[in-house]
Every structure is written in C-alpha cells, then in structure tokens.
Amino acid sequence: MSAAAPRLPDFFDLIAFTRIDSTNEEARRRALAGAREGTLVWALEQTAGRGRRGRAWQSPPGNLYMSLLLRPGCPLETAAQWSFVAAVALGEALAGVLPPGPAIRFKWPNDVLIDGAKVSGILMETSGGAATVEWLVVGIGVNVLSAPAEAPYPATSLVRAGAAAASVPAVLERLAGALLAWRERWLSQGFAVVRAQWLRFAQGLGHAVEVRLPGETLCGRFAALEEGGALALELPGGGVRRITAGEVFFPGQRRVD
Ligand code: BTN
C-alpha cells in the first residue's frame, strides 16, 4: 500500500490491498472462509470492480473502494435496510469533507448525489438461501479524485465538487466512523431513524420519476418511501406500485443504455 494507513475503530478489521479484482469478491471469499463481522476490505484499485445491474465499476487509483463484511443474522428483508444505513452514513461522511454549498442528496435506493451527479454507489451481496442472512457484504465506491466520463447517469467526484484536499484514507476514516454510528442507531432504534434521515435528503420525492425494472419501464410519481424501504410509485392511471428493486431516473436526466 502506498496511501497512508487509515485509523479505524476497533469494530473494523482492515485488510488493505494495492490492487485487487473486487473488494466485494474478496470480502465474499473471506466471508465464506469464516472472517469476522467488521472485516473491511479496502483497495487502491480494482481490476474487476462491479456495480449494480451487472455493470462494471471503473476503479482507477485515486478513488475509494471498500467492502464491509457483516453477519446480521436477521431475515433478508431486514438486512436489506443496510442499503439505506450505508447511504446515510455516506451522506454524513461526504458532508464532512466537502466545503459548504454542494447539495448532497440520496437517490433511491442507495446512490449518493452531489448537485444531481452520482459520487458514490453501493453494492450489497449476501449469503443466500437460509431464513436468516449469514453474511452481508456492503460494497462502497466513492469517486474521490475522478468520475467516469461515460456512465448511464451524470457522475462527479469529491475533488470536482470542491473538496480539493480530499484523500482516500481520510474519506475512509470518516466513512468507517459514520458506518459504525449509523449501525448502532439502526440496531438500537430500528429502521425508522435511518429512514427519517434518508428522507431529509431524498432526491425526487413527490416528483415524477421513471423506474426501470427488468423488462419494463414505469413512469409515475415518487409518492413515498415505505416503512421497509420500498419505493411507492403512484401510477398515472391510478394505483400505487411498490418497487423493491429497480433504477430510478429523473426527468431530463441523461441516460445511456
Ligand atoms: C453501483 O452500481 O452504484 C454500485 C457500485 C459499487 C462499487 C463498489 S467499489 C467497492 C466494491 N467492490 C466492487 O466490486 N463493487 C463495490
């Protein structure tokens, strides 16, 4: 590793790499080998970084790539709330490194935007099958120095948004602290406190959105975030569709298929 070693709370067991295929893949390998909850895999560069919906996640040096291993031992529906736990933690961490001004918003379910452009993405992967989730990997990418020029959405980086001195280790330290704090709130107070924070910074709530699902695209109004985290989409012809997985686009947003 050439970056300064970050100092993380004891909850975390930091495993650092200069380069790796995917921190999610490494965390999954370690989960299967019995690694403890709190194992945090961090790499300066990924050669096969993956994003949601089977996309690749460009992973040059200069950005943050990390995956946190959790052992929630709860049903999948509850473990899925981590998507929002991670998003609100990211929002807090990024606000801590940005100068006042740029607006941080959350795009359902778990993207973090700065002034409408994506700065961070979250990819969660779990053990499957059982009634309770044995392990959960929360993979987080943050564009610190650079953002992809060609993406299916507008993208930005912390440096472009004004955090000229932001460093990957500093962002990781803040993020680890925020993840731990929000994990504790979620465990002690439940999802409501996470949901409330997410809603404070929700992008597009109450407005028209397009939701792309496998095999269909729906247009409607982002009416609410349901108690469990589903998006309630009010359809033009009446009725509400409950969306648990899909990709949201806002009117006028550039889209590349
Ligand atoms: C998205 O498509 O928005 C999710 C992107 C998640 C990327 C991160 S980078 C660290 C971790 N390792 C991966 O291979 N993917 C996630």
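The values are calculated or read from the model by the stated rules, or taken from the named source; none is laboratory data. Since we're looking at a predicted model, the values are computed, not measured. We place every Cβ from the backbone using ideal geometry, glycine too, and count neighbours over all the protein chains shown.
Among Gly141, Gly91, Gly162, which is closer than 21 Å to Pro9 by Cβ and either surrounded by fewer than 19 Cβ atoms within 10 Å (Cβ to Cβ) or not hydrophobic (A, V, I, L, M, F, W, C) (or both)?
Matching residue, one of Gly141, Gly91, Gly162: Gly91.
Does any residue of the stretch 133-143 turn out to be aliphatic (A, V, I, L, M) and either farther than 26 Å from Thr244 by Cα or out of contact with any strand residue (DSSP E or B) (no Cβ under 9 Å at 6 or more places or on another chain) (or both)?
no
When you scan the stretch 4-21, do you find a residue that is more than 15 Å from the chain's Cα centre (by Cα), more than 16 Å from the ligand (Cβ to nearest atom) and without any contact (Cβ under 8 Å) to a residue 12 or more places away in the chain, even just one?
yes
Does any residue of the stretch 37-52 turn out to be more than 19 Å from the chain's Cα centre (by Cα) and either more than 11 Å from the ligand (Cβ to nearest atom) or not small (Gly, Ala, Ser) (or both)?
yes
Condition check: out of contact with any Asp or Glu (no Cβ under 9 Å at 6 or more places or on another chain), small (Gly, Ala, Ser) and under 23 Å from Glu226 (Cβ atoms). Does Ala164 satisfy that?
Against the criterion (out of contact with any Asp or Glu (no Cβ under 9 Å at 6 or more places or on another chain), small (Gly, Ala, Ser) and under 23 Å from Glu226 (Cβ atoms)), Ala164 does not qualify.
Listed here are the residues, each with its yes/no results for (1) surrounded by 16 or more Cβ atoms within 10 Å (Cβ to Cβ); (2) at pLDDT below 95; (3) out of contact with any Leu (no Cβ under 6 Å at 6 or more places or on another chain); (4) not in a strand (DSSP E or B).
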residue: Gly204; (1), (2), (3), (4): yes, yes, yes, yes
residue: Val209; (1), (2), (3), (4): yes, no, yes, no
residue: Phe222; (1), (2), (3), (4): yes, no, no, no
residue: Glu227; (1), (2), (3), (4): no, yes, yes, yes
residue: Gly238; (1), (2), (3), (4): no, yes, yes, yes
residue: Ala245; (1), (2), (3), (4): no, yes, yes, yes
residue: Val248; (1), (2), (3), (4): yes, yes, yes, no
residue: Gly252; (1), (2), (3), (4): no, yes, yes, yes
residue: Arg255; (1), (2), (3), (4): no, yes, yes, yes
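Scan the stretch 117-129 and tell me whether some residue there is of a type in the set (S, T, N, Q), more than 13 Å from the ligand (Cβ to nearest atom) and in a loop (DSSP other than H, G, I, E, B).
Yes: one or more hits.
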